[in-house]
Amino acid sequence: MARDVSLIPEPDRSEGSPHPREVYELLGHADSEARYLEALNSGRLHHAWLITGPPGIGKATLAYRIARHRLGGSSLLDQSLDIPPADPVAQRIESQGHGNLSVLRRPYDPKSKKLKRDIPVDEIRALSKFFQSTAAESGDWRVCIVDKADDLNMNSENGILKLLEEPPARTLFLLLSDQPGRLLPTIRSRCLHLPLRAVPEAQLSRWLGSRTDVRPEFQQAATALSRGAPGKALALVGHVETVLNPLKRLMQTLSGTGDDMSLAKSLVSAKEATSRELFWDALIDTIQAQAVHAGTGVWTGPFEPIAARKSPASWISLAERAQSTRAAEAGINLDKTASLFDLLSRIRAA
């Protein structure tokens, strides 16, 4: 029986959000698009681009905009990557049916029924065969999106490097990375770097307000915690009850007593994995904002500052403790309920 591909989890799709191949609007980053178009119009389009920035900033959305354009999509405007959803190329890409596009990402293992932890070298071998075969679509350009290059293991990273060193003709590589410093220097040196910067808070706030009906305080909190990344802001407003509301209650009760065990337990199940990651990010960012507030009186965090009076050094120490606890939890498989409860208790007692 054929497997329904719609039921297979995708490592490059955020829970509750459309996949980047289904997104046609890119918030901000007009300068990055202009840089790509300038290279294209010069007749000297580089074969590999490294698109970098934090999660949710728009790296994959930009990559798919470039892919639609390079594979023959027709823009309504000159000098634009705005390919409409009704365009035949866009439709084939959205349905994962375009024969000249290859997307390299962590594969699904049907035996374990989980996504693999990295991109194995077998995926690079399959990519090499993709380039060696006759083009499946009209037009002889091919595009490969690597989402994310951070997920390449040592062997697959070396395999990609060989392709970048001797690229097939009329091929465009788009490598996406949250942490480009961890990639091989030789990979970075063979790509043109296209960094995506944080979207200004006012612009992001207006955009988010037009796309959600959650209460303004949660919209404002999501904007503050997004680090200028539209995708992350959307993810946060999509997890109000599991992330933003618990964070607000924690901040309101941190100078007194609260039910930290219930909060820790609520984020432990596998189905709440996304909420847990968002909560960890939000908690660490909030503690760091408290350190700045304690030293300067300036508040850039979510909701209202925590009433508990601590020195900047105390808040900095707590932020470092939170970061180390999170890393240990991921690295040595600590009990998730116990590790978060212990951290919250330390914050409350400090």
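What the table shows:
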read-out: All helices (runs of 4 or more DSSP H) inside the stretch 22-114 with 2 or more residues being more than 27 Å from P180 (Cβ to Cβ); value: 88-94
read-out: Test: residue in the stretch 5-27 that is open to solvent by 40 Å² or more (accessible area, probe 1.4 Å) and under 25 Å from T134 (Cβ atoms); value: yes
read-out: Out of I347, I316, I306, sole residue that is in contact (Cβ under 8 Å) with a residue 12 or more places away in the chain, open to solvent by 70 Å² or more (accessible area, probe 1.4 Å) and of a type in the set (A, V, I, L, M, F, W, C); value: I316
read-out: Pairs with Cβ under 8 Å, 6+ apart, first in the stretch 102-127 and in contact (Cβ under 8 Å) with a residue 40 or more places away in the chain, second assigned to a helix (DSSP H, G or I) and open to solvent by 50 Å² or more (accessible area, probe 1.4 Å); value: L104/E123
read-out: Selection from the stretch 175-191 of residues that are open to solvent by less than 60 Å² (accessible area, probe 1.4 Å) and more than 19 Å from the chain's Cα centre (by Cα); value: L184, T186, I187, C191
read-out: Single residue of A221, A202 found to be within 23 Å of P305 (Cβ to Cβ) and in contact with a helix residue (DSSP H, G or I) (Cβ under 8 Å, 6 or more places away or on another chain); value: A221
read-out: Identity of the residue in the stretch 45-79, within 17 Å of L26 (Cβ to Cβ) and over 24 Å from the mean Cα position of the chain (by Cα), that ends up surrounded by the fewest Cβ atoms within 10 Å (Cβ to Cβ); value: L77
read-out: Where P230 falls short, out of the listed (1) within 28 Å of A328 (Cβ to Cβ); (2) touching a residue at least 60 places away in the same chain (Cβ under 8 Å); value: (1)
read-out: Test for S266: is it open to solvent by 10 Å² or more (accessible area, probe 1.4 Å), of a type in the set (G, A, S), closer than 25 Å to N333 by Cα and touching a residue at least 12 places away in the same chain (Cβ under 8 Å); value: yes
read-out: Residues being without any contact (Cβ under 8 Å) to a residue 40 or more places away in the chain and surrounded by fewer than 18 Cβ atoms within 10 Å (Cβ to Cβ) - total across the stretch 192-211; value: 6
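The values are calculated or read from the model by the stated rules, or taken from the named source; none is laboratory data. What you see is a predicted model, and the numbers here were worked out from it, not measured in a lab. Counting neighbours? That spans all protein chains shown, and the Cβs are built from the backbone with ideal geometry, glycine included. For the accessible areas, the whole protein counts, side chains as well, though only heavy atoms, and no ligand, DNA or RNA atoms are used. Shrake-Rupley method; radii C 1.70, N 1.55, O 1.52, S 1.80 Å.
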